[in-house]
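Structure record follows, encoded as structure tokens.
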Amino acid sequence: MSEAITIAAQALGEVMHGRSLGEVLEQLSAQERPIVQSLTFDALRKWTSSQELIKEFVPKTPPPETAHLLSVAIALFLHGEQKAYAAHTIVDQAVEACGQYDKTLYAKGMVNAVLRKVSQKLQAVVDKGYAPDPISMYYPAWWRANLKKSYPKEWQAIGFQQAQRAPLILRVNERQHTRDQYQAMLSQVGIASKTIDTLAGIPLPSALILEEAVPVSDLPEFYSGAVSVQDAGAQLAAILLNPQAGDLILDACAAPGGKTAHLLELADADVVALEIDKERLTRIGGNLDRLRLHSERVQILRGDASQPSWWDGRSFDKILLDAPCSASGIVARHPDIPFLRRASDIAQLQQKQQGILAQAWKMLKPDGVLLYITCSIFPEEGEDQAKWFAAEYPNALRLSAPGQILPSATNDGFYYALFKKNGS
Ligand SMILES: C[S@@+](CC[C@H](N)C(=O)[O-])C[C@H]1O[C@@H](n2cnc3c(N)ncnc32)[C@H](O)[C@@H]1O
């Protein structure tokens with residue numbers, strides 16, 4: 001584990017310099033990735049508390065490599081991992097990891113002493129019956145202020161929720177198996193799951209939550225498309241758009257294709273999956289191939305949804321607009337997000353969202369419906385945009401939709417608004 005701790009500490013350093021964790025993890029070998037991902041995710045989730053503990057116990061500010069290494073190790077204590085690894089194992093492995101880049105006795109001695117003290121302090125807290133760390137996720141000041149302004153009562157609970165490990169949630173491909181059948185298949189290989197039956201009052205017929213996360217390679221028939229990994233909040237999208245056989249549907253911001261696939265699982269619709277990013281675009285076909293949903297009904301196009309240049313002029317019956325956003329609703333799954341965004345991003349994203357909404361509306365048939373989605377909990381990207389849109393387009397009739405969904409133990413945060421086009 002000491003090598004993984006060293007790599008995780010280096011990965012943290014890269015995130016602090018503005019690189020996305022996904023990018024950093026992609027460079028690792030398949031063998032290193034899962035453990036390093038788990039260590040870095042936890043270190044980011046527990047960032048504030050680990051920095052406070054480092055300040056409390058380290059005599060003088062340590063160099064960044066050491067601070068990051070301590071953060072990785074302290075996060076293991078903060079998640080109560082003494083059960084998984086004995087405290088002395090965590091300390092020994094961290095000291096060994098330190099020796100991989102700093103051979104001085106001082107550095108190793110300091111890491112040893114600090115982690116022993118941290119472990120004792122946290123054990124005393126746990127002995128009194130408390131969780132080692134009640135709230136921790138790091139949020140930059142502007143992010144916290146935004147949350148607090150939007151959710152004066154709930155903002156701390158939201159922060160707490162987003163600092164937890166996110167569960168693994170599946171969407172069963174009902175073209176292959178019913179949810180009950182798949183649950184039985186899971187149980188046969190010893191994987192315990194529960195159904196998630198509704199969210200925001202809307203039935204979720206295909207959602208399963210695993211009691212413990214497993215690698216996808218352990219999921220029965222994953223590679224032949226029996227199931228996808230998709231948050232329960234995201235599973236509402238295709239259900240709300242309610243695709244029907246023969247519908248012409250635009251998935252305006254489609255990669256990696258999670259919602260495109262769900263639309264195709266639900267109906268024999270004709271779907272145009274549009275995506276601006278060349279690399280991400282390739283993932284749509286891959287996902288549809290795996291799920292056995294790739295057919296002549298699907299057109300995968302590279303293009304900018306805020307421009308008509310890619311459009312052949314055929315109006316759509318339905319549009320799913322999963323807009324680029326701050327991703328503030330999916331921090332539990334991507335704990336590097338608050339470290340990477342800037343306050344100024346929000347206004348820029350709002351402009352992009354409005355540009356895509358305006359163009360999409362032109363491509364929608366009279367009486368067609370448009371579902372606007374963001375995986376954000378900032379109202380600037382959700383309800384404010386829906387209000388702007390309704391005011392800007394008097395022919396937009398707002399239909400019933402969940403609006404803002406906040407993160408919980410079984411779903412990420414999403415925003416949903418549904419509009420029907422009255423006349424042309
Ligand atoms: C929230 S993600 C979509 C997730 C996807 N719907 C799914 O469920 O798998 C938003 C996507 O929009 C793409 N995007 C951003 N701006 C775009 C634009 N102007 N036109 C088309 N796609 C865009 C991004 O590259 C990103 O892949």
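The values are calculated or read from the model by the stated rules, or taken from the named source; none is laboratory data. Model, not experiment: these values are computed from the prediction. Neighbour counts are summed over all protein chains in view; Cβ atoms, including those assigned to glycine, are modelled from backbone coordinates with ideal geometry. Quick note on the areas: whole protein, heavy atoms, side chains included, nothing else; ligands and nucleic acids left out. Shrake-Rupley method; radii C 1.70, N 1.55, O 1.52, S 1.80 Å.
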- Message: For the stretch 303-320, give me each residue that is without any contact (Cβ under 8 Å) to a residue 24 or more places away in the chain and within 12 Å of the ligand (Cβ to nearest atom).
- Response: Ser309
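Against the condition farther than 25 Å from Arg171 by Cβ, among the hydrophobic types (A, V, I, L, M, F, W, C) and modelled with pLDDT of 95 or more, how does Leu321 come out, does it pass? Break it down stepwise before answering.
Details: farther than 25 Å from Arg171 by Cβ: no; among the hydrophobic types (A, V, I, L, M, F, W, C): yes; modelled with pLDDT of 95 or more: yes.
For Leu321, the condition - farther than 25 Å from Arg171 by Cβ, among the hydrophobic types (A, V, I, L, M, F, W, C) and modelled with pLDDT of 95 or more - is not met.
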- Per the filter on the stretch 299-332, residues more than 30 Å from Pro140 (Cα to Cα), open to solvent by 20 Å² or more (accessible area, probe 1.4 Å) and either not charged (D, E, K, R) or not assigned by TED's automatic domain parsing to the domain that holds Leu364 (or both) are Gln299, Ile300, Leu301, Ser306, Gln307, Pro308, Ser309, Trp310, Trp311, Gly313, Ser315
- Number of the condition not met by Arg283 [criteria: (1) away from the ligand (no atom under 11 Å from the Cβ); (2) farther than 19 Å from Leu370 by Cβ]: (1)
- Note on the structure: Only one of Asn422, Asn411, Asn395 is modelled with pLDDT under 95 and not basic (Lys, Arg), namely Asn422
- Message: Condition (residue is within 30 Å of Leu12 (Cα to Cα), at pLDDT 95 or above and assigned to a loop (DSSP other than H, G, I, E, B)) applied to the stretch 280-298: is it met by at least one residue?
- Response: no
- Message: Looking for something under 23 Å from Ala273 (Cα atoms) and assigned to a loop (DSSP other than H, G, I, E, B) - is there at least one such residue anywhere in the stretch 417-424?
- Response: no
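Which members of the stretch 255-279 meet the condition of being more than 11 Å from the ligand (Cβ to nearest atom) and either of a type in the set (A, V, I, L, M, F, W, C) or part of a helix (DSSP H, G or I) (or both)?
Of the stretch 255-279, the ones more than 11 Å from the ligand (Cβ to nearest atom) are 264-272.
Matches in the stretch 255-279: Leu264, Glu265, Leu266, Ala267, Ala269, Val271, Val272.
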- Which residues, counting only those in the stretch 21-32, are over 21 Å from Thr66 (Cα atoms) and not aliphatic (A, V, I, L, M)? Gly22, Glu23, Glu26, Gln27, Ser29, Gln31
- Item | Verdict on Val229 being within 25 Å of His294 (Cα to Cα) and open to solvent by 10 Å² or more (accessible area, probe 1.4 Å) | yes
- Residues of the stretch 52-70 being farther than 13 Å from Leu12 by Cα and open to solvent by 30 Å² or more (accessible area, probe 1.4 Å), which ones? Glu52, Lys55, Glu56, Phe57, Pro59, Lys60, Thr61, Pro63
- Item | Of all residues making up the stretch 228-254, the number that are within 12 Å of the ligand (Cβ to nearest atom), in contact with a helix residue (DSSP H, G or I) (Cβ under 8 Å, 6 or more places away or on another chain) and in a helix (DSSP H, G or I) | 6
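Each row is one residue, and each column tells you yes or no for (1) open to solvent by less than 20 Å² (accessible area, probe 1.4 Å); (2) more than 23 Å from Arg165 (Cα to Cα); (3) in the same structural domain as Gln10 (by TED's automatic domain parsing); (4) not aromatic (Phe, Trp, Tyr).
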| position | (1), (2), (3), (4) |
| --- | --- |
| Gln37 | no, no, yes, yes |
| Leu44 | yes, no, yes, yes |
| His79 | no, no, yes, yes |
| Lys103 | no, yes, yes, yes |
| Gly109 | no, yes, yes, yes |
| Gln120 | no, yes, yes, yes |
- Of the residues in the stretch 355-371 that are crowded, with 17+ Cβ neighbours inside 10 Å and assigned to a strand (DSSP E or B), the one that is nearest to the ligand (Cβ to nearest atom) is Leu371
- Hey, Arg19 open to solvent by less than 70 Å² (accessible area, probe 1.4 Å) and basic (Lys, Arg) or not: yes
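Which of the residues belonging to the stretch 329-348 are within 12 Å of the ligand (Cβ to nearest atom) and out of contact with any strand residue (DSSP E or B) (no Cβ under 9 Å at 6 or more places or on another chain)? Steps first, please.
Step one: list which residues in the stretch 329-348 are within 12 Å of the ligand (Cβ to nearest atom), which gives 329-330, 334, 348.
Hits for the stretch 329-348 are His334, Gln348.
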